[in-house]
Number of protein chains: 2
Amino acid sequence: MSAKPEPQQNHLLAALSPEVQSRLFPYLELVPLPLRAVLYESRRPMRHVYFPTDSIVSLQYVMENGASTAISVVGNEGLLGITLFMGGESALSRSLVQSAGYAYRLPRQRVKEEFNRHGELLMLMLRYTQALITQIFQTAVCNRHHSIEQQLCRWLLLSMDRLSHNHLTMTQEFISNMLGVRREGVTQAALELQRLGVISYARGLIKVLDRPKLEALSCECYGVVKKETDLLLHYLPQRQLIKDNDAIPMAML
Amino acid sequence: MSAKPEPQQNHLLAALSPEVQSRLFPYLELVPLPLRAVLYESRRPMRHVYFPTDSIVSLQYVMENGASTAISVVGNEGLLGITLFMGGESALSRSLVQSAGYAYRLPRQRVKEEFNRHGELLMLMLRYTQALITQIFQTAVCNRHHSIEQQLCRWLLLSMDRLSHNHLTMTQEFISNMLGVRREGVTQAALELQRLGVISYARGLIKVLDRPKLEALSCECYGVVKKETDLLLHYLPQRQLIKDNDAIPMAML
DNA sequence: GCTTTTCTGTGTGTTGTCGTACAGAAAAGA
DNA sequence: TCTTTTCTGTACGACAACACACAGAAAAGC
């Protein structure tokens, strides 16, 4: 949360053509996102679309009993507010800042106007939605089949991929709310990771010491999501609408 | 799987205007979907988009060790193959027929051509994607927090909503593969539901005897998904593209 | 400096689900 | 009819995660 970020730090904004940028960028508003800020509350109207630059935001479901779980993570590879494109006005879930930083935001009217031109922004949004669905899908699988330790690894990796440094600032209590498990469960898993020399963890400061080992300890879920996200990024600069013969080369799959 | 179904039994096909129907319907092909048929295999190319009429298809993730879990259920309210709209060519997951019946299908080229007109089909697909995301999202929550019994209730309800009768044909072994749990776990949960007089279950034939009680025993997840799906259906006949001022009335939320 | 709060680690017992094994009953096939 | 297969129910031990309680250490506030 130091130097003022550029819009291009967000991959989706960067992928837009100069023409579209010239229409949208004048309306961009830079907003700081402090830790634990809430961009959208579940079932409340959404007034802006957010494009994170160096912040990370989680999509959380809040249960009837008040407990919450993060189902997805959004950083500079994505945007918040796809529900607006889908024709909804209110949020499916709470959007909670899990790593402080900045985001650019646009009023929903501007975004919808551009979207309704059915050009690049539509294509971009569809591509990103695909990646997001993959992530949510894989979270469901992970919640079903994998241990807290594996899920912690997956989640650390997803977060690290969206940061430019190798440390995270968040307490075990906070992580437990993200994963939807007990704080003690996170303590156990984190201790084991420390014992293995994969991370260091002291009062809310996590440093990743051995990333390859972290990936090895994670479940297959991380790899699946990463591959799909990378595919999105590789595809972006081409700025094409879908045609039947523009199959993605196998090498990218 | 008795009388030949009409395309209009699928809510999405029915919601299209006569003009769009006249372009697409000549290419519709009616296909029988027997139990356990696989429409798409994970990571394999998708050649058609399927619109179920009286069948139910599950989106399943197949893990590296071969185990599978159903993350989502699609019936006559939806379609299979949204990945094609999103710009992908290969399936995210396996699509497995969990209740035999029919579906109409269209070659992907036809659907893409119509989609690229950026008219009704685009709107429909976006709306449906919203409902699908909600369902996947809620599955993730449910896998995290709820018991096998609750999940069985949710899943029975989602299936019943997509059928015109109150019975299901499937063994406990099959259900366990759907939920991603042990067969014995399903036995236990099903016995309890029988003891409570909610269902009867004999060698693969489940009858729902007391639906209100079934809903009461289910977790909140079913209600959330149902509400979003109903919202989709209510909205469909209006056939509008999104505009900023067409907010959904609060009464529908 | 002292107090208060926050954060992390530990212990004990419980519960839900798993893995495995097996048995009885119904259905299907010979 | 007899055999084989399928489907369902039961039992036992193992384990992961849970709920709850509490203690020590670091940080923050006064």
Exercise. If you take the beta carbon distance between B:Thr187 and B:Ser147 as r and set R0 to 22 Å, what does 1/(1 + (r/R0)^6) give as a FRET efficiency, to the nearest 0.05?
Worked result: 0.95
Problem set entry | Per-copy distances of the A:Ala37 label point, shortest first, in nm (7 angstrom along Cα→Cβ) | 5.2
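What's the magnitude of the charge dipole for region A:174-225 around its Cα centre, counting Lys and Arg as +1 and Asp and Glu as -1 at the beta-carbon? Answer in Debye, nearest 20.
Working: 7 positive and 5 negative charges, 49 e Å.
Dipole size: approximately 240 debye.
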Problem set entry | Residue-averaged 222 nm ellipticity for the protein assembly as shown, from DSSP H runs of 4+ at -39500 (n - 2.57), nearest 500 | -12500 deg cm²/dmol
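What ranking, highest mean first, results for peptides B:104-113, A:101-110 when packing means the other Cβ atoms within 10 Å averaged over each residue? Let's see the in-between values first.
Working: B:104-113: 18.7, A:101-110: 20.7.
By packing density, highest mean first, the sequence is A:101-110, B:104-113.
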Exercise. For peptide A:144-153, how many partner chain Cβ atoms fall within 10 Å of a residue's Cβ, on average?
Worked result: 2
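What's the average, rounded to a whole number, of partner chain beta-carbon atoms within 10 Å of each residue's beta-carbon in A:46-55? Please list the in-between numbers first.
Values: counts 0, 0, 0, 0, 0, 0, 0, 0, 0, 0.
That works out to 0 on average.
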Problem set entry | Amide N proximity, region B:29-69 versus B:Ala100 label position 7 Å along Cα-to-Cβ, cut-off under 14 Å | B:32-38, B:55-56
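I need the trypsin sites (Lys or Arg not before Pro) found in region A:1-50, filtered to DSSP loop residues with at most 14 other beta carbons within 10 Å of theirs. Display every interim value, and only then the final one.
Details: sites: A:Arg23, A:Arg36, A:Arg43, A:Arg47; in loops: A:Arg36, A:Arg43, A:Arg47.
Listed in order of number, the matching sites are A:Arg36, A:Arg43, A:Arg47.
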Problem set entry | aspartates and glutamates with Cα under 13 Å of A:Lys112, excluding same-chain neighbours fewer than 8 positions away | A:Glu89, A:Glu120, B:Asp244, B:Asp246
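Defining a contact as two alpha carbons under 8 Å apart and six or more residues distant in sequence, what relative contact order in percent does region A:30-108 show?
On the way: 195 pairs, mean separation 40.7, N = 79.
So the answer I get is 51 percent.
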Exercise. Out of B:Leu163, B:Leu132, B:His145, whose Cα points farthest toward the positive end of the dipole of region B:131-236 (charges: +1 Lys, Arg; -1 Asp, Glu; placed on Cβ)?
Worked result: B:Leu163
For this session: Assign unit charges at the C-beta atoms only (+1 for Lys and Arg, -1 for Asp and Glu), then state the dipole size of the protein assembly as shown relative to its Cα centre in Debye, rounded to the nearest 20.
Result: 180 debye
Exercise. Across the residues of A:82-93, average count of Cβ atoms on other protein chains within 10 Å?
Worked result: 6
Problem set entry | Loop sites in region B:132-202: chymotrypsin sites (Phe, Trp or Tyr not before Pro), DSSP, at most 11 other Cβ within 10 Å | none
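Set the Förster radius R0 to 51 Å, insert the Cβ-Cβ distance between B:Glu215 and B:Glu113 as r into 1/(1 + (r/R0)^6), and round the FRET efficiency to 0.05. Mind showing how you got there, number by number?
Values: r = 42 Å, r/R0 = 0.82.
After rounding to 0.05, the efficiency reads 0.75.
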Exercise. With charges only on Cβ, +1 for K and R and -1 for D and E, what is the dipole size of chain B about its Cα centre, in debye, rounded to 20?
Worked result: 420 debye
Exercise. Any idea what the B:Arg117 label distances to the other copies are, label 7 Å down the Cα→Cβ vector, nm, shortest first?
Worked result: 2.4
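What FRET efficiency would be calculated for the residue pair B:Leu205, B:Val62, taking the C-beta separation as r and a Förster radius of 30 Å, to the nearest 0.05? Display every interim value, and only then the final one.
Working: r = 27 Å, r/R0 = 0.91.
Step by step, r from the Cβ atoms, then E = 0.65.
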Exercise. With each pseudo-label sitting 7 Å past Cα toward Cβ, what's the B:Ser164-B:Arg47 distance in nm, one decimal?
Worked result: 3.0 nm
Exercise. Relative to the longest principal Cα axis of chain B, at what angle does helix B:120-145 sit, 0 to 90 degrees, rounded to 10?
Worked result: 20 degrees
For this session: Give the cross-link partners of A:Lys226 among the lysines, using a straight C-alpha distance below 17 Å as the criterion and excluding same-chain residues fewer than 8 apart.
Result: A:Lys213
Seminar exercise, completed: Out of A:Phe25, A:Gly81, B:Pro34 - ranked by how far each Cα lies towards the positive end of the dipole of the protein assembly as shown, with unit charges on the beta-carbon of charged residues - the top one is B:Pro34
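The numbers here are math on the coordinates, done by the rules we state, and not lab data. These figures come from a predicted structure and were not determined experimentally. Reconstructed Cβ throughout: ideal geometry from the backbone, glycine too, with neighbour counts over all protein chains shown.
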